[in-house]
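Structure first, then comments.
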Amino acid sequence: MEQKYVNSFDGSSQPSDVFSPYMPGVDLLSDMDALFDKARHSLLTGEYLSENDERGQRAIAIVTPGRMAMFVPCPTPGSVSDKDVAPMAKLMPPEPPLNISVVSYTFLESLIQDKTKCIPFLGHLAAWGYIGHSVVCMGAGGQSLRTAPKLHE
């Protein structure tokens, strides 16, 4: 099913510094659940991979207020030592793989400039993606939070 634009919800005025806290406007699509389902499906199947990516490369998905899914690569498969993976695996063991939903600042202009400034815990999310969890990060606006509980099904 092709997504259709339904509405936009105004946010607060954008500050001159794209990293200053504010609520950006968000778009509402005809099927918000499908948007997040597609991001999860892409994470499971590797549909986000390019021909240059290593086989088995994992990523996390960041959904912007404009409803674009941006895939951020996790470390290359086999590049992280067991010793370095252990603390993250202790917090969320890789079995069974979990669907992790996260709320953070996902304004596209800011993400392009510095993802870790927008999502200070991005390293944790990438580590959980690396060990096999499906991680989707979204902003707090509009329909996102109404859809988030369904992301764990």
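The values are calculated or read from the model by the stated rules, or taken from the named source; none is laboratory data. Bear in mind that the values here come from a model prediction, so they are computed numbers and not experimental data. A quick note on method: Cβ atoms are made from the backbone with ideal geometry, for glycine too, and the neighbour counts reach across all protein chains shown.
Okay, here's what the table says:
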| read-out | value |
| --- | --- |
| Meets criteria (touching a strand residue (DSSP E or B) at 6+ places or on another chain (Cβ under 9 Å), buried (at least 16 other Cβ atoms within 10 Å of the Cβ), farther than 13 Å from residue 127 by Cα and of a type in the set (A, V, I, L, M)) for residue 62 | yes |
| Among (1) within 12 Å of the chain's Cα centre (by Cα); (2) surrounded by 15 or more Cβ atoms within 10 Å (Cβ to Cβ), the one test that residue 89 misses | (1) |
| Some residue of region 106-122 being surrounded by 13 or more Cβ atoms within 10 Å (Cβ to Cβ), more than 30 Å from residue 14 (Cβ to Cβ) and either out of contact with any Gly (no Cβ under 7 Å at 6 or more places or on another chain) or modelled with pLDDT of 95 or more (or both) | no |
| Single residue of 2, 109, 51 found to be under 29 Å from residue 131 (Cβ atoms), over 12 Å from the mean Cα position of the chain (by Cα) and not hydrophobic (A, V, I, L, M, F, W, C) | 51 |
| Subset of region 30-64 (residues that are farther than 16 Å from residue 98 by Cα and of a type in the set (Asp, Glu)) | 31, 33, 47, 51, 53, 54 |
| Filtered residues of region 21-77 (kept if closer than 21 Å to residue 110 by Cα and among the hydroxyl-bearing types (Ser, Thr, Tyr)) | 22, 64 |
| Strands (runs of 3 or more DSSP E) (entirely within region 1-89) containing at least 3 residues that are of a type in the set (Val, Ile, Thr) | 59-63 |
| Residue among 26, 18 that is at pLDDT below 90, out of contact with any strand residue (DSSP E or B) (no Cβ under 7 Å at 6 or more places or on another chain) and β-branched (Val, Ile, Thr) | 18 |
